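Remarks on the structure that follows.
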Amino acid sequence: VPITKTLALFEEGAALGRDLLAVHTFGDRFCPEPLDLGRLGHARVMDPIPEDRASYPTDFQYIPEETALRVGEGRIGHVRPDVWAFEVSGLHVLRSWLRYRMKKGAGRTSSVLDEVRPARWTSEMTRELLEVLWVLEWTLDKRPELDSFLERVLATPLLGANEVAAPDA
């Protein structure tokens with residue numbers, strides 16, 4: 001990780017890091033006031049995801065021409081293509097989040113506890129989905145600023161590994 005020797009740039013990076021942590025922890029860290037994640041993005045419920053047992057979603061689909069995400073019988077609008085495609089180290093964040101919350105779930109099962117699943121989709125799950133979408137939107141919107149910051153850091157004198165104090169045991 002490049003660490004600049006320029007104090008003002010270092011402080012700017014620390015502030016950017018606090019913002020990232022505040023948003024990526026959904027307001028649980030570095031957030032002195034409640035964080036209204038809804039202000040961060042544009043995704044909205046167009047057709048509610050039904051909450052009855054019989055309608056628990058079994059599948060989802062992104063509809064690019066509508067910029068919409070269909071979840072079972074529900075539909076979330078204003079979902080940008082770059083949010084749908086966002087991945088970290090090959091993991092498609094939104095698809096993974098949704099797979100684990102479909103009726104059958106996802107992933108390996110290693111105990112009977114893995115079979116404990118919600119009986120129905122809930123409004124809380126819809127809110128969590130919106131919050132994930134908003135955080136991804138914010139993250140993608142922040143990328144140019146973060147890329148610019150990194151370029152500016154790399155153009156300054158950097159601390160070498162031998163200049164960084166070893167952690168105390």
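Tabulated data for the structure shown
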| read-out | value |
| --- | --- |
| Breaking point among (1) open to solvent by 50 Å² or more (accessible area, probe 1.4 Å); (2) within 17 Å of Arg70 (Cβ to Cβ); (3) of a type outside the set (Gly, Ala, Ser), for Glu115 | (2) |
| Close pairs (8 angstrom Cβ cut-off, 6 or more residues apart or separate chains): over 25 Å from Pro50 (Cβ atoms) and in contact (Cβ under 8 Å) with a residue 12 or more places away in the chain in the stretch 74-94, assigned to a helix (DSSP H, G or I) and of a type in the set (Val, Ile, Thr) anywhere | Phe86/Val93; Phe86/Thr139 |
| All positions within the stretch 47-84 that are aliphatic (A, V, I, L, M) and either surrounded by 15 or more Cβ atoms within 10 Å (Cβ to Cβ) or at pLDDT below 95 (or both) | Ile49, Ala68, Leu69, Val71, Ile76, Val79, Val83 |
| Flag for Arg108 being free of Cβ contacts under 8 Å to residues at least 60 places away in the same chain and surrounded by 10 or more Cβ atoms within 10 Å (Cβ to Cβ) | no |
| Residue in the stretch 85-105 that is surrounded by the most Cβ atoms within 10 Å (Cβ to Cβ), counting only those that are among the basic types (Lys, Arg) and under 19 Å from the mean Cα position of the chain (by Cα) | Arg101 |
| Residue within the stretch 3-17 that is in contact with a strand residue (DSSP E or B) (Cβ under 9 Å, 6 or more places away or on another chain), surrounded by fewer than 15 Cβ atoms within 10 Å (Cβ to Cβ) and either hydroxyl-bearing (Ser, Thr, Tyr) or closer than 30 Å to Pro118 by Cα (or both) present | no |
| Selection from the stretch 25-43 of residues that are touching a residue at least 12 places away in the same chain (Cβ under 8 Å) and either farther than 19 Å from Val83 by Cβ or surrounded by 15 or more Cβ atoms within 10 Å (Cβ to Cβ) (or both) | Phe26, Phe30, Leu35, Leu37, Leu40, Gly41, Ala43 |
| Contacts under 9 angstrom Cβ, first residue in the stretch 149-162 being among the hydroxyl-bearing types (Ser, Thr, Tyr), partner at pLDDT 95 or above, 6 or more apart | Thr156/Thr4; Thr156/Lys5; Thr156/Thr6; Thr156/Leu9 |
| Count - residues of the stretch 129-162 that are open to solvent by 90 Å² or more (accessible area, probe 1.4 Å), more than 30 Å from Arg95 (Cβ to Cβ) and of a type outside the set (Gly, Ala, Ser) | 4 |
| Condition check for Ser123: open to solvent by 30 Å² or more (accessible area, probe 1.4 Å), among the polar types (S, T, N, Q) and free of Cβ contacts under 8 Å to residues at least 24 places away in the same chain | no |
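The values are calculated or read from the model by the stated rules, or taken from the named source; none is laboratory data. No experiment lies behind these values; they were computed from the predicted model shown. Cβ: placed from backbone, ideal geometry, glycine included. Neighbour counts: every protein chain shown. All accessible areas refer to the heavy atoms of the entire protein, side chains included, with ligands and DNA or RNA removed. Shrake-Rupley method; radii C 1.70, N 1.55, O 1.52, S 1.80 Å.
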